[in-house]
Amino acid sequence: MSVTGNPANVFWHECTVGKAERQKLINQQGCVVWITGLSGSGKSTLACSLDRELHSRGKLSYVLDGDNVRHGLNKNLGFSPEDRTENIRRVGEVATLFADAGLICIASLISPYRKDRDACRAMLTDANFIEVFMNMPLEVCEGRDPKGLYKLARAGKLKGFTGIDDPYEPPLNCEINIEQKDGVCPTPSEMAGQVVSYLDENGFLHA
Ligand SMILES: Nc1ncnc2c1ncn2[C@@H]1O[C@H](COP(=O)(O)OS(=O)(=O)O)[C@@H](OP(=O)(O)O)[C@H]1O
Ligand SMILES: Nc1ncnc2c1ncn2[C@@H]1O[C@H](COP(=O)(O)OP(=O)(O)O)[C@@H](O)[C@H]1O
């Protein structure tokens, strides 16, 4: 007799309170704002700024940041392609639960592989997955290098670093593209404003 979970013998249990009722209670539409980009591109900065802006508008959001999630839920994972895929899968599943709860879930991870991001998109209905690309040149990210990781990677002391000796696959059809204008990066508040406008125009800020 097998004691491991067998999907063939596991059944979905539906509760009577549904997503629509939860959304009505908090007057918003649950969704996932998925922020992808190189290390140092500003993912966490945008995530926190957006979280604060939504909070100030009375909207319930929650940030799942790669660095933070790797301290707990994903602390057994490293940076091999397989581990990154599992990292993204788990965060995608958690984000989907938050969205089902009615929250605006902000996931900020490098998520370098297109197929992994697309798999997360497929966990939700298409409109409820909002992919935000931090479209910052490598030189800008490397110039910032707040954790000194690019320096370590260039010196060969950190292997498999995204953008240096591990690939980053940019989105082909993202909902929101954040980029420099005339060589100037938008401020955190401007970046958050761009996402809030999208959420507002697409009906996520009301039930
Ligand atoms: N090899 C390698 N490549 C990329 N990044 C590395 C690596 N080793 C450690 N770090 C640090 O881990 C943070 C990225 O974690 P993520 O969970 O977002 O990565 S991934 O989506 O699974 O690729 C990343 O954080 P951010 O700088 O905020 O992006 C780094 O601080
Ligand atoms: N819009 C911005 N303008 C100027 N500096 C920024 C901006 N966004 C982020 N930064 C700075 O760049 C560095 C990396 O930002 P961070 O949000 O940690 O990136 P990531 O989460 O993608 O690694 C930090 O020192 C941060 O203060």
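Every number here is computed from the coordinates shown, using simple stated rules; none is lab data. Being a predicted model, the structure only gives us computed values, none of them experimental. For neighbour counting, all protein chains shown are included, and Cβ atoms are generated from backbone atoms with ideal geometry for every residue, glycine included.
Which one of G40, G58, G148 has the biggest mean-square fluctuation once the chain is modelled by GNM with Cα springs under 10 Å?
In this elastic network of the chain, the residue with the biggest mean-square fluctuation among G40, G58, G148 is G148.
By a straight-distance test (C-alpha under 20 Å), which aspartates and glutamates pair with K19 as possible cross-link partners, with residues fewer than eight away in the same chain excluded?
By straight Cα distance, K19 reaches E93, D100, D126, D200.
What Rg and what Dmax come out for segment 92-188 when only alpha-carbon atoms are used, in angstroms?
15.5, 45
Using a Gaussian network for the chain with springs between C-alpha atoms less than 10 Å apart, which of these wobbles most: A47, A122, A155?
Comparing A47, A122, A155 in a Gaussian network model of the chain, the most mobile one is A155.
Compute and list, largest first, the equivalent-ellipsoid semi-axes of segment 17-201 from the alpha carbon gyration tensor, each √(5λ) rounded to a whole angstrom.
In descending order, the three semi-axes are 28, 19, 14 Å.
Could you check which residue among F79, F98, F133 shows the biggest mean-square fluctuation in a GNM of the chain with a 10 Å Cα cutoff?
With Cα springs under 10 Å in the chain, the top fluctuation among F79, F98, F133 is at F79.
Past 24 Å, Cα to Cα: identify those pairs from K115/K151; K43/K181; K59/K147; K75/K115, in the order given.
Flagged as over cut-off: K115/K151; K59/K147.
Which percent of Cα-Cα pairs in segment 167-207 sits in each 10 Å bin, short to long?
Distribution as computed: 24, 41, 30, 5 percent.
Dividing the convex hull volume of the Cα atoms of segment 1-127 by its residue count, what figure in Å³ per residue is obtained?
About 141 Å³ per residue, rounded to a whole number.
Would segment 129-169 count as rounded, prolate or oblate if I go by the C-alpha gyration tensor, calling it rounded below 1.5 in a/c and otherwise prolate when a/b exceeds b/c, oblate otherwise?
prolate
In segment 17-201, if the dipole is taken from +1 on Lys/Arg beta carbons and -1 on Asp/Glu beta carbons about the Cα centre, which of A153, L138, N128 is farthest to the positive end?
Of the candidates, A153 comes out farthest on the positive side.
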